[in-house]
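Single-structure report; data block below.
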Amino acid sequence: MGKGVFFTSASILLAVILTTTLRHHHHHHHPPSLNYTPTASKLLRSHGFNFIANFLHISPELFSQTPQITIFAVPDSAISNLSIPPHMIKHLLAYHILPTKLTMQQLLNKPLKTCLPTLFQHQTVSITKTDYKKQVLEINNVLLTHPDLFLDQFVTMHGVSGSFASFDRHQERINLGFCEAGITRGFVNIKHEWEKMIRVLVSSGFMAFAIGLKSVTDGIVKDFPDIDSVTVFTPPNVALNAMSSPLLDRFMRVHVVVKRYSFKELVLGGSLSTLAPGKHLDVTESLKSSDQVVCVNGVAITAPDLFVSKSLVVHGIARPLSIDELSSMSG
């Protein structure tokens with residue numbers, strides 16, 4: 001009990017020190033909304049994140065440098081074990097804040113090894129493990145233990161099991177995680193392949209689907225700027241003219257899977273994350289006569305490896321994935 005009181009008091013003292021320092025630099029900044037602070041602080045404390053809760057309450061400008069943010073709340077014990085000097089704590093906290101709002105589902109839908117920019121000197125953290133079925137996600141090899149702990153229009157907060165960085169006491173510096181992907185990841189690196197893929201679809205008799213895919217490309221790039229490999233399932237004879245714009249967007253995205261999967265890899269089965277939020281495809285095998293058929297959500301793959309490049313694979317399927325199922329999706 002005494003230790004907990006001491007730690008809470010210490011964190012408040014540190015917050016006061018940082019507040020005095022930072023107000024000098026941020027007195028011109030006016031955050032869009034700080035209405036979430038009392039509720040978020042209460043939630044953080046109820047789950048054992050007293051240190052972050054105190055900073056959020058006493059020094060909200062620390063968390064208001066951009067209109068929307070994602071905060072990864074580090075547990076009290078992890079911060080205490082780092083033994084980091086007070087003047088460096090603001091840097092540590094900034095390394096756990098993203099200048100964009102990302103929910104657990106949005107994080108799970110991002111490719112493995114995606115680099116996410118933080119508020120600390122443009123440094124990045126990396127998605128190092130994802131398991132959609134088990135709802136498991138790790139960043140810099142640190143597990144998200146309390147996904148979507150707090151959500152509002154501007155802020156998402158997730159509790160994590162530890163710090164994304166370590167502290168070197170001898171050299172008095174924060175050791176940051178290494179983001180393997182670096183700055184070379186992203187759609188810009190597959191743009192040429194993407195355009196070639198669309199041309200191949202047109203020449204292979206999938207013109208309607210190719211036109212639909214091209215029409216939603218800008219939206220995909222905007223929502224998934226870090227995407228660098230995909231698998232596309234293309235059905236024949238698709239009637240897209242009757243679809244509303246939102247439904248067309250969902251229809252196309254549900255046929256595009258995050259990451260590149262050759263037919264040999266698909267034979268192994270599993271669940272695949274699509275570009276449609278919360279929508280996954282199950283790959284299974286079935287026997288028809290004496291032939292072995294690989295299916296995606298029950299739809300047979302009829303033209304495996306129709307187009308193959310370094311970052312993209314296209315497989316032809318017997319028919320479109322269920323429109324009824326798509327119509328019930330949130331939009």
Cross-chain or 6+ apart pairs with Cβ under 9 Å, the range 138-159 first and of a type in the set (Gly, Ala, Ser), then open to solvent by 40 Å² or more (accessible area, probe 1.4 Å) and part of a strand (DSSP E or B): Gly159/Thr145; Gly159/His146; Gly159/Pro147
Conditions (1) over 17 Å from Ile198 (Cα atoms); (2) in contact with a strand residue (DSSP E or B) (Cβ under 7 Å, 6 or more places away or on another chain): number failed by Val232: (1)
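Let's see how each residue does on (1) in contact with a helix residue (DSSP H, G or I) (Cβ under 7 Å, 6 or more places away or on another chain); (2) open to solvent by 60 Å² or more (accessible area, probe 1.4 Å); (3) at pLDDT below 85; (4) within 25 Å of Pro85 (Cα to Cα):
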| position | (1), (2), (3), (4) |
| --- | --- |
| His24 | no, yes, yes, yes |
| Tyr36 | no, no, yes, no |
| Ala40 | yes, no, no, no |
| Arg45 | yes, yes, no, yes |
| Asn50 | yes, no, no, yes |
| His57 | yes, yes, yes, yes |
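Does any residue of the range 282-297 turn out to be open to solvent by less than 60 Å² (accessible area, probe 1.4 Å) and under 23 Å from Ile190 (Cα atoms)? Even if it seems obvious, please write down each step before you answer.
Of the range 282-297, the ones open to solvent by less than 60 Å² (accessible area, probe 1.4 Å) are 283, 286, 293-297.
Next, only the ones that are under 23 Å from Ile190 (Cα atoms) stay: none.
The answer is no, given that none of the residues of the range 282-297 is open to solvent by less than 60 Å² (accessible area, probe 1.4 Å) and under 23 Å from Ile190 (Cα atoms).
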Close pairs (8 angstrom Cβ cut-off, 6 or more residues apart or separate chains): more than 13 Å from Gln153 (Cβ to Cβ) in the range 35-48, surrounded by fewer than 18 Cβ atoms within 10 Å (Cβ to Cβ) and at pLDDT below 85 anywhere: Thr37/His57; Thr37/Pro60; Pro38/His57; Ser41/His57
Some residue of the range 127-139 being buried (at least 18 other Cβ atoms within 10 Å of the Cβ) and farther than 30 Å from Glu172 by Cβ: yes
Criterion violated by His29 - all others in (1) in a helix (DSSP H, G or I); (2) at pLDDT below 50; (3) closer than 19 Å to Leu119 by Cα; (4) not polar (S, T, N, Q) satisfied: (1)
Identity of the residue in the range 250-279, open to solvent by 10 Å² or more (accessible area, probe 1.4 Å) and free of Cβ contacts under 8 Å to residues at least 40 places away in the same chain, that ends up farthest from Leu306 (Cα to Cα): Gly270
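Among the residues of the range 276-297, how many are more than 22 Å from Ala210 (Cα to Cα), out of contact with any helix residue (DSSP H, G or I) (no Cβ under 7 Å at 6 or more places or on another chain) and either at pLDDT 90 or above or in a strand (DSSP E or B) (or both)? Break it down into steps so the answer makes sense when it comes.
Taking the range 276-297 and keeping what is more than 22 Å from Ala210 (Cα to Cα), we get 278, 282-294.
Restricting the remaining residues to those that are out of contact with any helix residue (DSSP H, G or I) (no Cβ under 7 Å at 6 or more places or on another chain) gives 282, 284-293.
This time we only want the ones that are either at pLDDT 90 or above or in a strand (DSSP E or B) (or both), so: 282, 284-288, 291-293.
So the count comes out to 9.
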Pro225 being surrounded by fewer than 16 Cβ atoms within 10 Å (Cβ to Cβ), closer than 22 Å to Thr114 by Cβ and not polar (S, T, N, Q): yes
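Collect the residues in the range 172-221 that are open to solvent by 70 Å² or more (accessible area, probe 1.4 Å) and modelled with pLDDT of 80 or more, keeping them in residue-number order. Working first, answer last.
First, pick out the residues of the range 172-221 that are open to solvent by 70 Å² or more (accessible area, probe 1.4 Å): 172-173, 178, 180, 183-184, 188-189, 191-192, 195-196, 199, 203, 207, 211, 214-215, 218.
Result: Lys191, His192, Glu195, Lys196, Arg199, Ser203, Met207, Ile211, Lys214, Ser215, Asp218.
Results for (1) in contact with a Pro (Cβ under 7 Å, 6 or more places away or on another chain); (2) among the aromatic types (Phe, Trp, Tyr), shown as yes or no for each residue.
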position	(1), (2)
Phe224	no, yes
Arg250	no, no
Lys259	yes, no
Glu265	no, no
Leu272	no, no
Ser286	no, no
Val308	no, no
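The values are calculated or read from the model by the stated rules, or taken from the named source; none is laboratory data. Because the structure is predicted, anything quoted here is derived from the model rather than measured. Neighbour counts are summed over all protein chains in view; Cβ atoms, including those assigned to glycine, are modelled from backbone coordinates with ideal geometry. Please note that ligands, DNA and RNA were not included when accessible areas were found on the heavy atoms of the full protein model with its side chains. Shrake-Rupley method; radii C 1.70, N 1.55, O 1.52, S 1.80 Å.
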